[in-house]
Amino acid sequence: MSALAELYTIPREHLDFRDAIARIASERIAPRAAEIDEKGEYPHDLRRLLAEHDVLGLPFDIEYGGTGTGTLMLNIAIEEIAKACASTALILMIQELGTLPIKLFGSEALKARLLPRCATGEWTPAFALSEPDAGSDPGGMRTRARRDGDEWVIDGTKNWITNLGIADFYVVFAVTDAEAGHSRGITAFVVEADRPGFSVGKLERKLGIRGSPTGQPIFDGVRVPSENIVGEVGQGFGVAMAALDRSRLGAAAQALGIAQGATDYAAAYARERRQFGQPINSFQGIQFKLADMETQTAAARELLYQACAKVDRGDPDVGKYSAMAKLFCSDVAMKVTVEAVQVLGGYGYVKEYPVERMMRDAKITQIYEGTNEIQRLVIARTLR
Ligand code: COS
C-alpha cells in the first residue's frame, strides 16, 4: 500500500456510490444546469432526485436516518454534482452546513426532531451567521436575543444566507450578552420558518450559483422556546466556528468539481475543434494549458481528500486542513475555469457552452464560508 493510500482509502462501496452519483449528475443534472442558471430558479426537482437516491442522507449518521458514510464520501458526492451544476451541489452542501451546529452541539431532542427530516430531504436548513455589517468579522453581529421567561425573543437581519425562502428552519446566531464579548456573548437558536415575526427580505441577484436563493432573513420579535437553543447559552461563536471548520470542505469540494468539470469540457472541446487543419489539442499552447489544469485539479483533490480523512479520523488539525483545502481548491477552480474559457475562445464566452457559467460559479468559492483571506489567517495562526 502506498504512503498516501494509508492516509486515506476509499472503500469499494463508496466508489460504487460515487459512480452512481456521477451517472445521475451527467444524465439528469447536467442537462438542467444552463436553464437553472439562466432562469435563476431553485431546482426543486433535482432536490427530490437527490433525496430519492439517498444523496441528501450523506451528511448524517445512521441513527438519524443518514447513510453514516462520513465526510470523505459526502465531499466526493459534492464534487461529482458540482462537475455538472454548482447550484445543485449547494443543495447538498447546505444540508450539511445548516445541520452541523445541531449534529455537533444540539440536544438529543433537537437532533431527533430535525436531523431525520433533513436526511430524507423533506426539510432543508439554513445557516444564518453573516449580517450586512458582519461578514469576515461575525463577532460584530447586531442581531439580538433576549430572554423572556422560558422563551427567547430574536430581533435582527442576516445577510448572504443560502436557502433563503426555501429553508424550513434557520440556525440563527444572536448576541445574548452584549457585555460578555463575542466569545461568550453569542448564542445559536433554531428558528422554524413558520414562526411569527420571521420574514424573507431582499433576495440577491448574483454573478453565479444563480439556482440557489441567497439573501436577508428578517427576525422581528421572533419567539422561540429555550429548547431551540443549540449548545449552551453564550457558546454560539464556537458553535459557528466549529461548523465552518467542517463545512469549508464542502466549498472546497464544490470548487474541485467545478474545476474538473471545466477541465474535462475543455479537453473534449480541444479534441474536436479544428483550426489550421488540425485539432487544437495538437498545439502545445493548448496542451500546456490542459496539462496545468489537470495537474492543479489533481493536487487540489489530494489536499481535500486528506482533509476529509482527517475529519473522519478525528485528527486535531482539522481546522487548519479544511482552511487549506478551501483556499487551494477555490483558487484552482478560479484559475482553471478562466483557462477553460480561453481554450474555447469565443465559444467559451457565450452561454451555449457551460464554461462561462463554471467561471462565474467558481468565483463564490473564493468568498463564501470565509473569504480566502480569512482562510490564510486561520492557517497562519497555526504557524505562530
Ligand atoms: N472552533 C472552535 N472554537 C473556535 C474556533 C474554531 N475553529 N475558532 C475560534 N474559536 C473560539 C476561540 O477559541 C475563542 O474562544 P475563547 O475566547 O474561549 O478562547 C473564540 O472562538 C473567539 O475566537 P477568536 O478571538 O479567534 O475570534 P476572532 O473574532 O478573531 O475571529 C476568525 C476569528 C476571523 C477566524 C473568524 O471570525 C472567522 O472565521 N471569520 C469568517 C467567518 C466566515 O467564515 N463567514 C462565512 C459565513 S457562512 S457563508
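The requirement of being crowded, with 20+ Cβ neighbours inside 10 Å and closer than 23 Å to His182 by Cβ is not satisfied by Gly139. Listed conditions (1) assigned by TED's automatic domain parsing to the domain that holds Lys320; (2) in contact with a Lys or Arg (Cβ under 6 Å, 6 or more places away or on another chain) are all met by Gln216, apart from (1). Of a type in the set (Val, Ile, Thr), part of a helix (DSSP H, G or I) and within 16 Å of the chain's Cα centre (by Cα) - does that describe any residue in the range 267-285? Checked the range 267-285: no residue is of a type in the set (Val, Ile, Thr), part of a helix (DSSP H, G or I) and within 16 Å of the chain's Cα centre (by Cα).
Applying the criterion of at least 3 residues that are in contact with a Ser or Thr (Cβ under 7 Å, 6 or more places away or on another chain) and either more than 24 Å from Ala109 (Cα to Cα) or more than 13 Å from the ligand (Cβ to nearest atom) (or both) to the strands (runs of 3 or more DSSP E) found wholly in the range 159-231 leaves 214-225.
Quick one: in the range 359-382, of everything that is among the hydrophobic types (A, V, I, L, M, F, W, C) and away from the ligand (no atom under 14 Å from the Cβ), which residue is surrounded by the fewest Cβ atoms within 10 Å (Cβ to Cβ)? Walk me through it before giving the result.
Kept after step one, since they are among the hydrophobic types (A, V, I, L, M, F, W, C), are these residues of the range 359-382: 359, 362, 364, 367, 374, 377-380.
Applying the additional criterion that residues be away from the ligand (no atom under 14 Å from the Cβ) yields 359, 362.
Values: Met359: 23, Ala362: 29.
Out of the qualifying residues, it is Met359.
Would you confirm whether any residue within the range 325-348 is farther than 16 Å from Tyr269 by Cα, of a type in the set (Asp, Glu) and surrounded by fewer than 20 Cβ atoms within 10 Å (Cβ to Cβ)? Yes, some residue in the range 325-348 is farther than 16 Å from Tyr269 by Cα, of a type in the set (Asp, Glu) and surrounded by fewer than 20 Cβ atoms within 10 Å (Cβ to Cβ).
Taking the criterion of being within 18 Å of the chain's Cα centre (by Cα) and on the phi > 0 side of the Ramachandran plot, no residue of the range 306-338 qualifies.
In the set (1) more than 20 Å from Ala259 (Cα to Cα); (2) buried (at least 17 other Cβ atoms within 10 Å of the Cβ); (3) within 12 Å of the ligand (Cβ to nearest atom), Ser322 fails one condition alone, (1).
Here Glu122 passes the criteria (1) assigned to a helix (DSSP H, G or I); (2) in contact (Cβ under 8 Å) with a residue 60 or more places away in the chain; (3) surrounded by fewer than 21 Cβ atoms within 10 Å (Cβ to Cβ) except the one numbered (1). Tallying residues that are in a loop (DSSP other than H, G, I, E, B), crowded, with 22+ Cβ neighbours inside 10 Å and in contact with a Ser or Thr (Cβ under 9 Å, 6 or more places away or on another chain) within the range 59-76 yields 2. Residues in the range 273-318 that are surrounded by fewer than 14 Cβ atoms within 10 Å (Cβ to Cβ) and touching a residue at least 24 places away in the same chain (Cβ under 8 Å): Ala299, Asp317.
Can you tell me which residue among Glu356, Glu339 is more than 14 Å from the ligand (Cβ to nearest atom) and touching a residue at least 40 places away in the same chain (Cβ under 8 Å)?
On the way: Glu356 fails: touching a residue at least 40 places away in the same chain (Cβ under 8 Å).
Checking each option against the conditions leaves just Glu339.
Residues of the range 269-292 being closer than 13 Å to Gly348 by Cβ and among the hydrophobic types (A, V, I, L, M, F, W, C), which ones?
Keep residues of the range 269-292 that are closer than 13 Å to Gly348 by Cβ, which gives 269-270, 273, 280, 286, 289.
Hits for the range 269-292 are Ala270, Ile280, Ile286.
For the range 192-221, a tally of residues being more than 30 Å from Ala362 (Cβ to Cβ) and without any contact (Cβ under 8 Å) to a residue 60 or more places away in the chain returns 8.
Could you go through the range 151-172 and let me know if any residue there is under 20 Å from the mean Cα position of the chain (by Cα), of a type in the set (Ser, Thr, Tyr) and closer than 30 Å to Ala86 by Cβ.
Pass one, the range 151-172, residues under 20 Å from the mean Cα position of the chain (by Cα): 158-172.
Subsequent filtering for residues that are of a type in the set (Ser, Thr, Tyr) retains 162, 170.
Applying the additional criterion that residues be closer than 30 Å to Ala86 by Cβ yields 162, 170.
Yes, some residue in the range 151-172 is under 20 Å from the mean Cα position of the chain (by Cα), of a type in the set (Ser, Thr, Tyr) and closer than 30 Å to Ala86 by Cβ.
Listed by first and then second residue, the pairs linking a residue in the range 319-332 that is in contact (Cβ under 8 Å) with a residue 24 or more places away in the chain and basic (Lys, Arg) to a residue that is surrounded by fewer than 24 Cβ atoms within 10 Å (Cβ to Cβ) and assigned to a helix (DSSP H, G or I), with Cβ atoms under 6 Å apart and 6 or more places separating them unless they lie on different chains, are Lys320/Ile379. Go through Ser87, Ser130 for me and flag whichever is within 16 Å of the ligand (Cβ to nearest atom) and touching a Phe, Trp or Tyr at 6+ places or on another chain (Cβ under 6 Å). Residue meeting the stated conditions: Ser130. For the range 144-157, the criterion of being surrounded by 14 or more Cβ atoms within 10 Å (Cβ to Cβ), in a loop (DSSP other than H, G, I, E, B) and not assigned by TED's automatic domain parsing to the domain that holds Asp37 is satisfied by no residue at all. Can we say Arg246 is within 30 Å of Glu294 (Cβ to Cβ), part of a helix (DSSP H, G or I) and within 13 Å of the ligand (Cβ to nearest atom)? Against the criterion (within 30 Å of Glu294 (Cβ to Cβ), part of a helix (DSSP H, G or I) and within 13 Å of the ligand (Cβ to nearest atom)), Arg246 qualifies.
The values are calculated or read from the model by the stated rules, or taken from the named source; none is laboratory data. Source: prediction; values computed, not measured. With ideal geometry, Cβ positions are generated from the backbone for all residues, glycine too; neighbour counts draw on all protein chains shown.
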